[in-house]
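A.B. asks: Sharing a structure with you now.
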Amino acid sequence: MATASTNAPPQRGWYKRNEIAITPWLFLTPAVLFFSVYVIIPIGQSFWISFHEWDGLGEKIFIGTDNYERLLGLGDQRMDRKFETSFWNNIRWLVLYLLAIPMGLFIALLLNQTVRGIRLYKSLFFFPFVISQVVVGLVFSWFYLPNDGLFDVMTGWFGIDIRGGVLGNPNTATYGIIAAGLWPQTAYCMILYLTGLNAVDPEQVEAGRLDGARGWKMLWYVIIPQLKPATFIAFVVTIIGALRSFDFIAVMTNGGPFGSTRVLSFYMFEESLSEFGFRMGYGAAIAVVLFFIMLGFIVYFLYSMWRDEQAAR
């Protein structure tokens, strides 16, 4: 009996018995902690502040859903006209910003060629993505200058005169800013598609050729289906970028002329932190509305990705 007791395997501790299950969580804990402190908790605080009237320094006064009623025109109140303008400008951003995806794909297809100097061309198209968006906004502000700007000079050749310049005219200012934002966003989509094109299966391409696929048929039925992961990321990033467009507006027009270029993120800033605002509760209500709009798109894309994975099994 003594010999059997001596040869028995030593008892392992609790961690050793559960090491495989616990170790991943040990690596995830710092990330989860930081995400909770800097993302989840601030989101909860924004919800709580939106039910108060608060200037950011004094005591919070609980007012329930009054901020949302005034913002959305619920009950007997009329919808905030500034919020309405900001919302529809965000819709314009969302629709037109999506042009970056087909433009990025088109440029990626052009650059995915084995010709002399192609690396230089790729660098030139990649360049806008490297530049700060503030710098891009300043460059386009000079480009749109009335009388002296290159855009005004070029439109003058065709007898087109935009009163007040692109950024000085309420009818064209928003579209001018969106065009500025499309420049670096197209470069980002181009990079995604160039990476996706490197992963295209040459055997499928060859099979398509044997079946008579050429030109647009090859692109539509063989190439684009294999670029679905890149397209998914491009859609998500572009939609989020369109909904949180702030820096271009702040640099190029500061919400003008006459508030015609406001979007929800800029209006939130105006109400919360600008010299005309310091209404933290109202600004938080705008932030919550913007959060739910973004959340709707993100949930839809995540559901689509999960559904595709389930169908592939």
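A.B. asks: Looking at PHE143, ILE178, ALA207, which one has the Cα that reaches farthest to the positive end of the dipole of region 82-312 (charges on Cβ: Lys, Arg +1; Asp, Glu -1)?
C.D. replies: Going by the charge dipole, the pick is ALA207.
A.B. asks: If you put +1 on each Lys and Arg Cβ and -1 on each Asp and Glu Cβ, how big is the dipole of the chain around its Cα centre, in Debye rounded to 20?
C.D. replies: Details: 22 positive and 22 negative charges, 204 e Å.
So the dipole magnitude of the chain works out to roughly 980 debye.
A.B. asks: If you don't mind, there's one more thing I want to ask. Rounded to the nearest 0.05, what FRET efficiency do GLN204 and ALA311 have when you use their Cβ-Cβ distance and R0 = 25 Å? Please list the in-between numbers first.
C.D. replies: Details: r = 19 Å, r/R0 = 0.75.
The computed FRET efficiency comes out at 0.85.
A.B. asks: Please report the relative contact order for region 265-313, taking Cα pairs under 8 Å with a sequence separation of at least 6, and give it as a percent rounded to a whole number.
C.D. replies: Over region 265-313, the number comes to 25 percent.
A.B. asks: Among residues other than ASN90 whose Cβ falls under 10 Å from its Cβ, what is the net charge (Lys/Arg +1, Asp/Glu -1)? Could the numbers behind the result be given before it?
C.D. replies: Working: positive: ARG92, ARG244, ARG262; negative: none.
So the environment of ASN90 carries a net charge of +3.
A.B. asks: Please report the equivalent ellipsoid semi-axes of region 82-312, computed as sqrt(5 x eigenvalue) of the Cα gyration tensor, largest first, in whole Å.
C.D. replies: For region 82-312, the ellipsoid semi-axes come out as 36, 25, 14 Å.
A.B. asks: With a point put 7 Å past each Cα toward its Cβ, work out how far LEU150 is from TRP14 in nm, to one decimal.
C.D. replies: Between LEU150 and TRP14, the label points sit 6.8 nm apart.
A.B. asks: Quick one: check the C-alpha center-to-center distance for region 53-98 versus region 138-195, whole angstrom.
C.D. replies: So the two Cα centres are separated by 29 Å.
A.B. asks: Could you point to the residue in THR29, SER245, PHE83 farthest towards the positive end of the chain's charge dipole, with +1 and -1 charges on the Cβ of Lys/Arg and Asp/Glu respectively?
C.D. replies: Result: THR29.
A.B. asks: What is the fewest-to-most order of SER50, SER304 by other Cβ atoms lying within 10 Å of their Cβ? Please report the intermediate quantities before stating the final value.
C.D. replies: On the way: SER50 23, SER304 12.
So the residues, fewest neighbours to most, are SER304, SER50.
A.B. asks: Given Cα pairs under 8 Å that are at least 6 residues apart, what percent is the relative contact order of region 82-312?
C.D. replies: On the way: 252 pairs, mean separation 63.2, N = 231.
Relative contact order here is 27 percent.
A.B. asks: Here's another thing I want to ask about it. Need the full-extension length gain, THR195 to SER36, defined as separation in residues times 0.36 nm minus the C-alpha distance. One decimal, nm.
C.D. replies: Working: separation 159, 0.36 × 159 = 57.24 nm, distance 3.22 nm.
Using 0.36 nm per residue and subtracting the Cα-Cα distance, I get 54.0 nm.
None of the figures in this text is laboratory data; all of them are computed from the coordinates on show. If you're wondering where the values come from, they're calculated on a predicted model, not measured in any experiment. Heads up, the Cβs are rebuilt from the backbone with ideal geometry, glycines too, and the neighbour counts pull from every protein chain shown.
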